[in-house]
Every structure is written in C-alpha cells, then in structure tokens.
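For reference, the structure discussed in these notes is given below.
The values are calculated or read from the model by the stated rules, or taken from the named source; none is laboratory data. Everything quoted here is computed from the prediction, not taken from an experiment. Backbone-built Cβ (ideal geometry, glycine too); neighbour counts: all protein chains shown.
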Amino acid sequence: MKNDRFVMCISMVIMLGAVSAQAGGLPGDAEAATHGDEAASVQLVKETEQKTLDFVFRQYNLPVLSHYSYMIGSGGEALIIDPARDISRYLKDAQELGLKITRVYLTHSHADFVAGHAELAKATGAEIIMNKDTGAGFPHRPVKDGDVITFGTVRGMIVTTPGHTPDGTCLYVYTPANERNPRFVLTGDTLFIGSVGRPDLMGEGMSAAALAEMGFHSWKDKLSRLPDDTKFFPAHGAGSLCGAHLSDKPVSTIGEQRRENVYLQHKDLLSYVMAVIDGLPDAPQYFKHNAKMNHDGPPLVDWDKSAPPALYAADIFAQGKKGVWLIDIRDAKAFAAAHPQGAISIGVRGRFETWTGIMLPWGEPFVLVGSDDEVREAAFRLKRIGYDAPTGFLQGGVEAWKQAKLPLGSLTLLKAQDLYQQMQAGAAPIVVDVRLPSEWMALRIGNVLNIPINKLFTDSKRLSKDMPVLTVCNSAYRSSMGASVLLKQGFKEVFNMDGGSEAWIAAGLPTLGVTGGGHGTAAAPARAIRLPDRIAAADLKRLLMDLPGTFEIVDVRPSTQFADFNLPGAMNVDIADVVANPAYLNGAVPLVLVDRDGSLAMAVGGILSQKTARPIKVLFGGLEAYWNESAAPLQAGSPAPAAVVPVIKPAAPAPAPVAPEPPKKKSAGC
C-alpha cells in the first residue's frame, strides 16, 4: 500500500514539477519570475486591518523592481512609506478605506527607483518626512533619531540606521501607541530578509568599508536589541540590486535573521565588513542619478501623457546616425525576425526598467520601437527610473521601417536540439552565456563562454566578428539583448537560442555543473532531475538534539492533527500555501517537510525541488515512522505522543546529549 502511494506521489512530482518549471523558470531565476504582466503593477501583498484598534497596514510589491512600499492608516489618516513614483494604487486604496494621505516617509534616498514623494505631496498635500542628515532639496520635515510620528492609535519612532547609505533610517511602529515594544519595524534598505543593504552606492562620497562599519553598529547597537519575535518588513526582495542573496519572503522576524542571515553571523566588525563588501554585483549606472533625483526632488510627471512623439522612419534613421539609440521593446521572436539595424532588444516584460537603465546610458536620446500599446507601457514604466522623455517612437512600427527600405537586421533563433546536434558534430557557433557567473557555474548547457550581459559592450572584444556566435540565457530574454549588442557592434553571424536553458532542459539534453575541482570543472553530463532528499526518523531526531536551529520544519497536516502532536520548532502550514508561496523557496537552511506517512510531503517536496536550489528534505515514513521508532508502535485508536523534546544534561567538562525522555501520550494526531 505504501509503495503504491509512493509511486503515485512520484508521478505527481514529475507532472506538477514540469508545470512549475515552465511557469517559474529555472531555480533562482528572479528575471523569469517577473515576466508576467501583473508583475509590472503595484500589487497588494499583505493586509492587516483591525477595526477595534482603528488600524490598517498594507504592504505593496512592485515585482519588476522588487520594491516593497507600505501604507499605515489610523484616525482617518494614512502614512505612505517608500512609495513608487506611480502613486495611483495608494490614492485608490486610501479613498476606498476612507483615509486621507497626510504624510509620506522615505527611509533614505533610494537609488534603484524614483520615489513617489513629490507626486503624493502634490496630489494630497501630504508632508514629506526624511532624515535631517539627508539634506533633501525640497520642502520636508527633517527628523532625527528618536523623533516620533503620531496619528490615531499609531506611534512611529524614527531610528537612524546608516550602513546602506549615511541617511538610512528604520521606522518602529507601535499600536496601540503606548505599547512598550514595536508591533513591527519597517527597515528600508538597512536590513533585508537574508541580506543587508549594499554599502557601495555612494561613489566617491564615502568608502564601502566605512558604510559597512556603520551598518554593523546599526544592527549590533539597535536592531539586534529588539525581541526575537519582532516582525520586520524591508523595502526590497529577491531580484533587487540593492543587496545580494535577498529572499522572496515579504516578512521575517529579528530572531529568524539573527539565526539565518549569513551576514549577521559575523560577530566581529572586520569579518562583517569583508563579507558585506565582497562579491557585490555591479550597480547599474542609473542608480546614482535616481538617488540624486530623490534627494533633490523629482520633477512631477504627467502620467496621462505617457506616449512619446510619433516619428517617421526616415527621421529616426537620420537621428540614429547622430547617436540616437533605438530600443526595440518587442519580444525576442519578433526582434529576431526583423528589426531596425542597430536596435537594442529590451522586451517590455520582466525587469524592463532595470535592463533599460543598465543598457542605455543616462541622458542619451532614445527612440522606442514596438506596437502602440507596447510603447505606451514602456514610456509609462520608464518614468519609474527617471527616463522620462524618450525622443519618440517609430510610427507604424517595423513595417514602416521596411516600407521606407531602410537597413534591417535579423538573427536566427536556433532550437535547443539543433544546437546540441551541432555541438556533437563539432559545427556549433561560439556559445556565449550572458547570465551572471553564479548562474552560469551552477548550470550550463556545455563548455560555453560566460560574458554577463552588463559587460558585453566591452568584453565582446574577446570574440571575433567574423566567427558565428550564439547567445543563451535562461529564457532567451537576456540573450536577445546580448545578440542585439553583438549585431550593433558589427558581428556578421549571430544566433540566439530559442527558449534558452529552459528549452534545453525541457528537451532532456545534458547539462554541466560544478564539482569540487574549482572554476570551470564540469561534472559528467546528466539530465537535471531534482527530487527531495529523504531523511530517516533517527537522523531527524539526532538533528533535533544536536543541531537545533540549523533547519526549518514545516508540517503539512491539518491544524487539528498538528495541535495534538508536533515536532519541536515545527511550523504548521497549509499544503496549498507551501506549494504556492515563494517564501518557502528561499532560506539559508534546509527545509524539512513532514506529514502523517510521508506521501503528501514527498509530493510537495518534489514540486518545491523543481523551483529552488534550497535543500528540501522529507521525513521518510512521516510522523508514523517517527513515533514507531520513538516508542510503542502506533495503532488505530491508540494515543499519539506530544512533541518529543530533546533533553540535554550537563556533564563535565562539556555538555553531552542524552536520549530524549519517553513521549507523553496524547490524542491521535497522525
């Protein structure tokens, strides 16, 4: 019977895992995770409303920028924290809730997006609040450490926390206002889930090491003194370039970060500083300009006039000769078929704003190429990073360019199977993987060259323009950009791999990974099949006794069964939430799944394993096996144990673990 259930679960894993892989891209691919249309708008993530306390809290996410913003409402007033520049969602929600937006608070001068403080102040008359050390160049209320913001039942206390920037702050939120400990903390870019704010964005103004030292003391002297169960909400999640290794989880606790955040494990100053400043990805060149705009006060935007001027093909061609950039915002297939010669491919999906800010130099004139709808969306979204005024767009699209008989470019989309056959025959083009080095090292389609997309303009000199070159990434989004760069630079024969590495894996073709041999050492080719590890009951018991806090346990049984019997430290989570919530895909420690007999946990573990590189383990045989190996066999109608808590008794000269006490009997839960 158990074997039949196991076979059924494995079938579910393979079927659902394939769907998950297609929907979410490769594990850790934050780019592909934002390719849905909904990712380009401000979305409600979390809402807490307690009418008895006259308190409203809303968390918003703009996935394409990995940007969290917040609304706190009470007493008929609303405070908006770190808003996006397009403020319509905040205005709509405040009106529906019967709240007047009276204050806007910026935790610091953001660099990765233009904030909406000026827009909200004009639309609502709201007061802008910022750290006095910012020296902001617009009307605002300057605050210092310990100052408070009060309205309704809410008291917000400003806590200065430099590190990411010199003017970094956090907001401790108390409700009711007379509470001793904050109900939660908004940490801005000071503390992320799994990371801390990078300290290298000040240019020549201050060294990264000096700011990292400030960040060390902001944690040690302030945030770390909060109770472990204090919730905090950051300004960014996974995919943001304001830090490294950020989690997708929208909320965490101080205690969880104390245990799991890799940077906070460094207890001495120098090791912390070295960890924080080591290995940071390059910051996009537009960051410094956005930070200045936020500091000085961004110009107001007419959001109703998002479309730039329409230009004729001949006029654009003439401007192109003078250095005007052509940005083709159509998808990779359309770009490959035909595009204005010299255009750069940046599809208006995914992290379009960030990629434009990386590829297009600040202040350079540019023209958009795409459909009317694509142009309107692109122009609207580019205002989020301060690219407010495109020179225009190609009226009539690429068809008009063709009709004007102007130079066209194209490239071949090569199928994964065809590329593999060429590799086997020794006839393949030079393959350039344009992903980050960490992505390339983790999984690649063969012995290929890695030139990250943000370095391709300069590092393409390593290649010969007379040799055929093929670009590849996870989904063909970034590789389309890479191919367009090579074409613009005069490479004669350029290919893009259709569907990227996702298509390669879906075709069952072999991939290379890394073994202990160092950079570039490849394991034997093998199909990428990810399944959870099975952990025996005895091994889990040893972990509970000897290494508590080094893993997370999620129990997917119904809550009534969990209440009767659960393992120490286990969280009870609905099975649907575990499968759907990306929070469980990230973490610095392994995730251990448990259920009654191991069947459902194995199915869930198989699904998660397709989406994440995080270690996923399943208790083999479930809690039935755990109980049977802990005490008398479980039989129908017999009571089940309460949680088996390991007992550690001191012994000279050092503590030594002893066997757990016999479990107490309780009603059946497994």
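Would the stretch 231-244 turn up any residue that is surrounded by fewer than 19 Cβ atoms within 10 Å (Cβ to Cβ), in contact with a Phe, Trp or Tyr (Cβ under 8 Å, 6 or more places away or on another chain) and either at negative phi or of a type in the set (Ser, Thr, Tyr) (or both)? Yes, there is a match, as at least one residue in the stretch 231-244 is surrounded by fewer than 19 Cβ atoms within 10 Å (Cβ to Cβ), in contact with a Phe, Trp or Tyr (Cβ under 8 Å, 6 or more places away or on another chain) and either at negative phi or of a type in the set (Ser, Thr, Tyr) (or both). Here Asn474 passes the criteria (1) at pLDDT 95 or above; (2) assigned by TED's automatic domain parsing to the domain that holds Phe495; (3) in contact with a Gly (Cβ under 8 Å, 6 or more places away or on another chain) except the one numbered (1). Which condition does Ala177 not pass, out of (1) in a loop (DSSP other than H, G, I, E, B); (2) modelled with pLDDT of 95 or more, if it passes all the others? Going through the list (1) in a loop (DSSP other than H, G, I, E, B); (2) modelled with pLDDT of 95 or more, Ala177 breaks only (2).
Give the residue that is farthest from Leu65 (Cα to Cα), with candidates limited to residues of the stretch 224-257 that are part of a helix (DSSP H, G or I) and over 23 Å from the mean Cα position of the chain (by Cα).
We begin by selecting, within the stretch 224-257, every residue part of a helix (DSSP H, G or I); these are 224-225, 254-257.
Next cut, over 23 Å from the mean Cα position of the chain (by Cα) only: 224-225.
Working: Ser224: 28, Arg225: 31 Å.
Within the stretch 224-257, the match that is farthest from Leu65 (Cα to Cα) is Arg225.
From the list Ile329, Ile385, exactly one residue is buried (at least 18 other Cβ atoms within 10 Å of the Cβ), under 21 Å from Pro299 (Cα atoms), in contact with an Asp or Glu (Cβ under 6 Å, 6 or more places away or on another chain) and modelled with pLDDT of 95 or more. Which is it? Checking each option against the conditions leaves just Ile385. The single condition among (1) over 20 Å from Gly168 (Cβ atoms); (2) of a type outside the set (Asp, Glu); (3) touching a residue at least 12 places away in the same chain (Cβ under 8 Å) that Met293 does not satisfy is (1).
Hey, can you tell me all the residues within the stretch 95-134 that are in a loop (DSSP other than H, G, I, E, B), farther than 19 Å from Thr150 by Cβ and free of Cβ contacts under 8 Å to residues at least 24 places away in the same chain? Explain how you work it out, then say what you get.
Taking the stretch 95-134 as the starting set, the residues that turn out to be in a loop (DSSP other than H, G, I, E, B) are 98-99, 106-114, 116, 125-126.
With farther than 19 Å from Thr150 by Cβ added as a condition, the list becomes 98, 108-114, 116.
Correct list: Gly98 only.
Looking only at residues in the stretch 306-326 that are over 14 Å from Phe366 (Cβ atoms) and not in a helix (DSSP H, G or I), the one that is farthest from the chain's Cα centre (by Cα) is Tyr312. Of all residues being out of contact with any helix residue (DSSP H, G or I) (no Cβ under 9 Å at 6 or more places or on another chain) and small (Gly, Ala, Ser) in the stretch 280-309, which is surrounded by the most Cβ atoms within 10 Å (Cβ to Cβ)? Just the residue, please. Top of the filtered list is Ala291. Scanning the stretch 367-382 for residues that are crowded, with 20+ Cβ neighbours inside 10 Å and over 11 Å from Ile329 (Cα atoms) yields Arg381, Leu382. Out of curiosity, is Glu353 acidic (Asp, Glu), farther than 23 Å from Leu487 by Cα, touching a residue at least 40 places away in the same chain (Cβ under 8 Å) and outside any loop (DSSP other than H, G, I, E, B)? It is false that Glu353 is acidic (Asp, Glu), farther than 23 Å from Leu487 by Cα, touching a residue at least 40 places away in the same chain (Cβ under 8 Å) and outside any loop (DSSP other than H, G, I, E, B).
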